[in-house]
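Note sheet for the following structure.
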Amino acid sequence: MYTFVQKFHSGWAYLALLLLLFAVVNSLIGMYSKKEFLAKDRKIALFALIATHIQLVIGLLLYFVSPNGFAQLGNMSDSHMRLTSLEHPLTNIIAVTLITIGWSKHKKVLSGELKFKSICIFYTLGLLLILAKIPWYLWF
């Protein structure tokens with residue numbers, strides 16, 4: 001089960017990052033071109049939100065079944081172990097929380113420009129946090 005969850009978490013990460021990047025670029029374009037916030041813009045942001053939440057759930061499952069996750073929480077001497085058992089999960093929980101806040105804030109404003117701005121700021125912060133704590137040595 002561990003191997004399947006690990007491969008699924010790694011594979012889904014590509015989709016989640018792609019959708020998140022697409023949502024950020026779409027919100028930047030919408031914000032700077034001052035266009036109306038349409039249903040397609042809402043769907044792009046929603047798909048990115050859903051993908052990151054699925055990635056978080058898979059990651060939390062992996063955290064508790066992985067020998068490098070919760071089981072290694074007391075072993076902070078190795079930087080790779082600290083990244084996978086503490087920094088990566090904690091930072092990604094914060095990132096998904098920021099993305100969720102951006103989604104919630106965009107629903108409360110009426111202006112298209114403010115909707116794009118809310119999504120742009122919070123989704124970008126989430127994306128940067130995710131990119132900062134990906135264990136790149138495991139990807140390549």
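Look at the stretch 87-105: where a residue is farther than 15 Å from residue 135 by Cα and of a type in the set (Phe, Trp, Tyr) and a partner is modelled with pLDDT of 95 or more and open to solvent by less than 30 Å² (accessible area, probe 1.4 Å), sitting 6+ places away or on another chain with Cβ atoms under 7 Å, you get 103/45; 103/49.
I'd like the residue in the stretch 49-77 that is open to solvent by 70 Å² or more (accessible area, probe 1.4 Å) and at pLDDT 95 or above and, out of all such residues, is nearest to residue 134 (Cα to Cα). Spell out the reasoning first.
If we filter the stretch 49-77 for residues that are open to solvent by 70 Å² or more (accessible area, probe 1.4 Å), which is where we start, we get 50, 57, 61, 64, 67, 70-71, 74, 77.
With the extra rule that they be at pLDDT 95 or above, the set shrinks to 50, 57.
Numbers: 50: 19, 57: 16 Å.
Among residues in the stretch 49-77 that are open to solvent by 70 Å² or more (accessible area, probe 1.4 Å) and at pLDDT 95 or above, the one nearest to residue 134 (Cα to Cα) is 57.
Of all residues being basic (Lys, Arg) and outside any loop (DSSP other than H, G, I, E, B) in the stretch 108-140, which is least open to solvent (accessible area, probe 1.4 Å)? Just the residue, please. If we take residues in the stretch 108-140 being basic (Lys, Arg) and outside any loop (DSSP other than H, G, I, E, B), then 115 is least open to solvent (accessible area, probe 1.4 Å).
Inspect all residues belonging to the stretch 44-51 and state whether any of them is touching a residue at least 60 places away in the same chain (Cβ under 8 Å) and more than 20 Å from residue 95 (Cα to Cα).
Pass one, the stretch 44-51, residues touching a residue at least 60 places away in the same chain (Cβ under 8 Å): 45, 48.
Keeping just the survivors that are more than 20 Å from residue 95 (Cα to Cα) gives none.
No, the stretch 44-51 contains no residue that is touching a residue at least 60 places away in the same chain (Cβ under 8 Å) and more than 20 Å from residue 95 (Cα to Cα).
Results for (1) aromatic (Phe, Trp, Tyr); (2) open to solvent by less than 50 Å² (accessible area, probe 1.4 Å), shown as yes or no for each residue.
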{"position": "24", "(1), (2)": "no, yes"}
{"position": "29", "(1), (2)": "no, no"}
{"position": "32", "(1), (2)": "yes, no"}
{"position": "41", "(1), (2)": "no, yes"}
{"position": "47", "(1), (2)": "yes, no"}
{"position": "79", "(1), (2)": "no, no"}
{"position": "86", "(1), (2)": "no, no"}
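The values are calculated or read from the model by the stated rules, or taken from the named source; none is laboratory data. Model, not experiment: these values are computed from the prediction. All Cβ positions, even for glycine, are placed from backbone atoms using ideal geometry, and neighbour counts span all protein chains on display. These accessible areas exclude ligands, DNA and RNA; they are computed on the full protein's heavy atoms, side chains included. Shrake-Rupley method; radii C 1.70, N 1.55, O 1.52, S 1.80 Å.
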